[in-house]
Each structure stands twice: as structure tokens, then as C-alpha cells.
Amino acid sequence: MSTQKLHVFKFAKFQTILFAIAGVITGLFYSVGGFFVDLFTIGLNGGTALAFLALIGMPAIFAATGFCFGIVEALLYNSIRNWLHIKHDFFV
């Protein structure tokens, strides 16, 4: 029984979307949590405003990381796919 090859860029796009969603969630926690910490401790300042850039930066960084990981994972999977025998929906 032979498994199908994983389509590298389709899987990388899928990973990019998943990681970007994780980046949005993490950015929200970071910026809103930092806002409340600053509000109740040292007061609002430029660093607080800078923390809200995490809403843009974290999804971008997470998405780029997800794309790179997706490529590496798909290439690794394709190189050892005959030993794994796993069914998936990302075939070529």
C-alpha cells in the first residue's frame, strides 16, 4: 500500500492560516492584557500603545513561521511517506 504525496504549497498555505489565527489570538491576549497591566500599575504610556502593534506583528510573524514550518513538514512527510501509511486530504 502506497500513500499519496503531500502537496507542499497547499499544506504550507493551510499551516499559514492556522498559525495566523494563533497569532491573532496571541496578539489579542498580549495587547489587551498588557493594557490592563499598565493601566493598574505604572499607567498608560508609549509602551502601551506600542504593545497594540502586536495585533499586526504577531499574526504576520506567526504566519511566516507557519509557512516555513508547512514547507518543512510537507517535505519531511514526502520523504518518509512510505513508512508512515497515513491517509490525508492534502494529496497531489
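The values are calculated or read from the model by the stated rules, or taken from the named source; none is laboratory data. Keep in mind it's a predicted model, so treat the numbers as computed, not measured. Note that we place each Cβ from the backbone using ideal geometry, even for glycine, and neighbour counts take in every protein chain shown.
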Could you tell me whether Leu55 is surrounded by 11 or more Cβ atoms within 10 Å (Cβ to Cβ) and either modelled with pLDDT of 85 or more or closer than 14 Å to Gln15 by Cβ (or both)? yes
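Does Asn82 qualify as being touching a residue at least 40 places away in the same chain (Cβ under 8 Å) and either loosely packed, with under 12 Cβ neighbours inside 10 Å or over 23 Å from Lys13 (Cα atoms) (or both)?
Values: touching a residue at least 40 places away in the same chain (Cβ under 8 Å): yes; either loosely packed, with under 12 Cβ neighbours inside 10 Å or over 23 Å from Lys13 (Cα atoms) (or both): yes.
For Asn82, the condition - touching a residue at least 40 places away in the same chain (Cβ under 8 Å) and either loosely packed, with under 12 Cβ neighbours inside 10 Å or over 23 Å from Lys13 (Cα atoms) (or both) - is met.
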Six or more apart or on different chains, Cβ atoms under 6 Å: show the pairs whose first residue is in segment 30-49 and surrounded by 15 or more Cβ atoms within 10 Å (Cβ to Cβ) and whose second is in a loop (DSSP other than H, G, I, E, B) and modelled with pLDDT under 85. Asp38/Leu44
